[in-house]
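Asks: Here you go, one structure.
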Amino acid sequence: MSVEVRADVGEALREGAPVVALESTLISHGLPHPENLEVAREAERVVRAEGAVPATIGVIGGVAKVGLDEAEIEFMATTEGVPKLSARDLPAAVASGSDGTTTVAATAHLAALVGIRLFATGGLGGVHREARESWDVSADLAALARTPVAVVCSGVKSILDVPATLEYLETLGVPVVGFRTLRFPGFYLTDSGSPLDWAVESEEEAARVIGGMRSIGFEGSGLVVANALQEEEQLDPALHDRALHTSLEELKRHGVRGKDVTPFLLERFAKETRGESLHVNRRIILNNASLAASIAFALSAGRS
Ligand code: PSU
Ligand code: MN
């Protein structure tokens, strides 16, 4: 079998109990060791605390695992050079027996395949600032247009072109709703500066949006639930702006391209903020895991 669902995840899905997917690329390529392992474990705990079953997704030896076990999560967190897999990488990775961490696109794809409807992460991939020349637009965006999963995230990082990312989501027809906000979050910052057209005020309302999508012909489409940090939790905006400036300069200087761009910028950003960005990043992931779990709970309660 090239897809394996962990027993407790499978049981929850059969019973219509809440399940939340979590991605593995942020573990291997988004955060340094040992924080990555701590966050991966804590995110699972937070989901369980809300009464849902966590399913961290990744590929081990050519098997797409929906629900990595403890040892597999540790492997992802401690092994250098595990390939980063977007959705389009899955066929070759599975056929060749490769290991791999799944991005938002690949995680959403596998989650939807087995019927998981909620997915929590930190930030989505998006339109890169140099996209006019490089055409570098994350496959996360197109994946959400064709994958029926709701992704709870804190927007996209400011290393990307945030307004262009929102335009691209609009073009693709991906619905975006703020959770108790009409401002698109700026990942480290509460407000990216871009507005949203729609907000939901509760977990139940978010669940109603997801539940209603099928009945109006959106059964093949994803949803972005944008969850912002409280202002007192955000990264100091002045520090943020300095780190952003320097990280982008470094990117240009090193000529980094393609799928290495996001990990490179994340690492630079952590250095420039002396680890402050890591604390904030961790908070974001845990907040989103918690919200996704409570939406999943409301969705399954509404169904029964
Ligand atoms: N943004 C973050 N942290 C991350 C990523 C994005 O703040 O770890 C990861 C996610 O896995 C996302 C991927 O799906 O980077 C996007 O990479 P690319 O731009 O190469 O599509
Ligand atoms: Mn890219």
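The values are calculated or read from the model by the stated rules, or taken from the named source; none is laboratory data. Predicted, not measured: the structure shown is a model, and the values here were computed from it. Note: ideal-geometry Cβ built from the backbone for every residue, glycine included; neighbour counts use all protein chains shown.
Asks: List every residue pair whose Cβ atoms sit under 7 Å apart, with the two residues 6 or more apart in sequence or on different chains, where the first one lies in region 123-137 and is without any contact (Cβ under 8 Å) to a residue 40 or more places away in the chain and the second, anywhere, is more than 12 Å from ligand 2 (Cβ to nearest atom) and not in a helix (DSSP H, G or I).
Replies: Listed pairs, sorted by first residue: Ala131/Asp161.
Asks: Looking at (1) within 11 Å of ligand 1 (Cβ to nearest atom); (2) of a type in the set (Val, Ile, Thr); (3) part of a helix (DSSP H, G or I), which one does Ile73 not meet, given that it meets all the others?
Replies: Every condition holds for Ile73 apart from (1).
Asks: Would you pick out the residues in region 107-124 that are more than 8 Å from the chain's Cα centre (by Cα) and either within 10 Å of ligand 1 (Cβ to nearest atom) or hydrophobic (A, V, I, L, M, F, W, C) (or both)? Outline the logic, then answer.
Replies: Pass one, region 107-124, residues more than 8 Å from the chain's Cα centre (by Cα): 107-118.
Passing the criteria: Thr107, Ala108, Leu110, Ala111, Ala112, Leu113, Val114, Ile116, Leu118.
Asks: Pairs, please: C-beta under 6 Å, at least 6 apart or cross-chain, first residue at pLDDT below 90 and in region 254-268, second within 11 Å of ligand 2 (Cβ to nearest atom) and not in a helix (DSSP H, G or I)?
Replies: Final answer for the pair search is Lys259/Lys84.
Asks: Just to be sure I understand the filter: pairs with C-beta atoms under 8 Å, separated by 6 or more residues or on different chains, first member in region 220-242 and in contact (Cβ under 8 Å) with a residue 12 or more places away in the chain, second member acidic (Asp, Glu) and not in a strand (DSSP E or B). Which pairs pass?
Replies: Note: pairs meeting the criteria are Ala228/Asp191; Leu235/Glu276; Asp236/Glu276; Leu239/Glu276; Arg242/Glu272.
Asks: Right, here's the next one. I'm told Leu37 meets every condition in (1) in contact with an Asp or Glu (Cβ under 8 Å, 6 or more places away or on another chain); (2) without any contact (Cβ under 8 Å) to a residue 40 or more places away in the chain except one. Can you identify the failing condition by its number?
Replies: (2)
Asks: So the check is Cβ under 8 Å with 6+ separation or different chains; which pairs have a first residue in region 149-160 that's closer than 25 Å to Leu251 by Cβ and a second one that's of a type in the set (Lys, Arg)?
Replies: As it stands, the answer is Ile159/Arg129; Leu160/Arg129, since those pairs meet every condition given.
Asks: Exactly one of (1) more than 15 Å from Ala106 (Cβ to Cβ); (2) among the hydrophobic types (A, V, I, L, M, F, W, C); (3) crowded, with 22+ Cβ neighbours inside 10 Å is unmet by Val59. Its number?
Replies: So the condition that Val59 fails would be (1).
Asks: What number of residues in region 128-147 are near ligand 2 (Cβ under 10 Å from one of its atoms) and hydroxyl-bearing (Ser, Thr, Tyr)? Reasoning before the result, please.
Replies: First pass over region 128-147, keeping only residues near ligand 2 (Cβ under 10 Å from one of its atoms): 128, 131, 134-140.
If we keep only those that are hydroxyl-bearing (Ser, Thr, Tyr) as well, we get 134, 138.
Residues flagged as near ligand 2 (Cβ under 10 Å from one of its atoms) and hydroxyl-bearing (Ser, Thr, Tyr) within region 128-147 amount to 2.
Asks: So, of the residues in region 246-294 that are more than 30 Å from Ala206 (Cβ to Cβ) and among the polar types (S, T, N, Q), which turns out to be farthest from ligand 1 (Cβ to nearest atom)?
Replies: Among residues in region 246-294 that are more than 30 Å from Ala206 (Cβ to Cβ) and among the polar types (S, T, N, Q), the one farthest from ligand 1 (Cβ to nearest atom) is Thr246.
Asks: Looking only at residues that are assigned to a loop (DSSP other than H, G, I, E, B) and on the phi > 0 side of the Ramachandran plot in region 147-201, which one is nearest to the chain's Cα centre (by Cα)? Full working, then the answer.
Replies: Filtering region 147-201 down to residues assigned to a loop (DSSP other than H, G, I, E, B) leaves 147-149, 154, 157-159, 161, 173-175, 180-182, 184-185, 187-188, 190-194, 196-198, 201.
In the following step, the residues that additionally are on the phi > 0 side of the Ramachandran plot were identified as 173, 180, 187, 193.
Details: Gly173: 19, Arg180: 19, Phe187: 11, Gly193: 21 Å.
Checking each candidate, the answer is Phe187.
Asks: Looking at Glu232, Glu249, Glu219, Glu204, which is the one that is in a loop (DSSP other than H, G, I, E, B) and either surrounded by fewer than 20 Cβ atoms within 10 Å (Cβ to Cβ) or within 22 Å of the chain's Cα centre (by Cα) (or both)? Steps first, answer last, please.
Replies: Numbers: Glu232 fails: in a loop (DSSP other than H, G, I, E, B); Glu249 fails: in a loop (DSSP other than H, G, I, E, B); Glu204 fails: in a loop (DSSP other than H, G, I, E, B).
Going through Glu232, Glu249, Glu219, Glu204 in turn, just one is in a loop (DSSP other than H, G, I, E, B) and either surrounded by fewer than 20 Cβ atoms within 10 Å (Cβ to Cβ) or within 22 Å of the chain's Cα centre (by Cα) (or both): Glu219.
Asks: Could you tell me which of the residues Ala106, Ala64, Ala17 is crowded, with 22+ Cβ neighbours inside 10 Å, of a type in the set (Gly, Ala, Ser) and not in a helix (DSSP H, G or I)? Full working, then the answer.
Replies: Numbers: Ala106 fails: not in a helix (DSSP H, G or I); Ala17 fails: crowded, with 22+ Cβ neighbours inside 10 Å.
When all the criteria are applied, what remains is Ala64.
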